[in-house]
Every structure is written in structure tokens, then in C-alpha cells.
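Written below as C-alpha cells is the structure these notes are about.
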Amino acid sequence: MGAVTTTRQTAVAVDEDAQYLTFMLGGEMFAIGILGIKEIIEYGSLTVVPMMPAFVRGVINLRGAVVPVVDLSARFGRANSAITRRSCVIIIEASTEEGQAQDIGLLVDTVSAVQEIPSSQIEPPPSFGARIRSDFISGMAKVDGKFVIVLDVDNVLSIDEMSSLAEAGQAPALDLDPR
């Protein structure tokens, strides 16, 4: 499978304000462009799929379609998200390089609000210091005096990378410590 790209534009607008969905994950505020979002649903029952990477929590049935659910916390190399009554799944419509549409769910702790963030308030991603990979970050926005991490959904949901991680997870671990 090829790389996933959202079918709706998620890039930061250069000269105008853009709307972003803000959400909490592990006590930090994140944002993604609303044009890439199909819907937001309450966390429900998942079907666990064997031999998937730890960040793929399972699949849900969304009006007859099988939708994989990615735990963003685990995708960022952290512990799996704790499921609470405020846990939500953000459904993103994505497409592969072959142009096939695929819905993917993102498990988050809680959805906050849709906010209009002027492009002048979004800085480039930091080269160091962030607790997630810099290629996952589109920028850092200032909202109400606090930083919000604007995600690059295309990199976070790269099917090629997620597939290679799934294969690596199935291989036996190598002990690289020479001690």
C-alpha cells in the first residue's frame, strides 16, 4: 500500500485563517485541520485484530465500513490511551496512492473545540524538544496564550510507515546492547 493523504486539504493556509479541531492527548493540546475530518464519534466497542502494531487499537463498524482505529498516544511512542467516558474517535477520510478512499479513526482523550487560528499565530515546528517526532508536527500555534501542536495528519497516518512498523513488530527483537 502507498502513502496516505487526506482527501481534504490539511495544510496551513498562507494568507488566511484556518479552522482546526483541538483535542487533548496525554495532557497536551493538539490540533488538526477540520477539512480533513469526516466526523467525530463516541468511543465504542472495538474488535481487536491480531498481529497489528500496538498503536492500532482495532477496528470499528461505521455504517457497514470497517474502520481501523489508531491510538494517537501509542502512535507517538507513548503509553496507550486510557479509555474514559470522554474518549472520542476522530474519523479522517484518507486516500492511498492508488486513490482509494479509506476512513481511519484517531483515538483521542477528549475533543475540545473548533478554533479559527490565524496563520500568523502558527510557527514552524521545533527542531528539538517536542515529545513527538518533528515530522508529525505541521506547526506550533498560540491559542489563548498556550501552545497547541498542529499535526501533519499525512505523516502521522503514513500507511507505508505503519506497515513497516507492523512487520518490524512481528520480527524477533535484537539485543543491541554489547554489555
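Rule-based calculations on the coordinates, nothing more; no lab input. The structure displayed is predicted, hence computed values, not measured ones. As a convention, Cβ positions derive from the backbone with ideal geometry for all residues, glycine included, and neighbour counts pool all protein chains shown.
Which net charge results when you count Lys and Arg as +1 and Asp and Glu as -1 among the other residues whose beta-carbon is under 10 Å from that of Asp71?
+3
Arranged by the count of other C-beta atoms within 10 angstrom, fewest first, what order do Glu98, Glu28, Glu39 take?
Glu98, Glu39, Glu28
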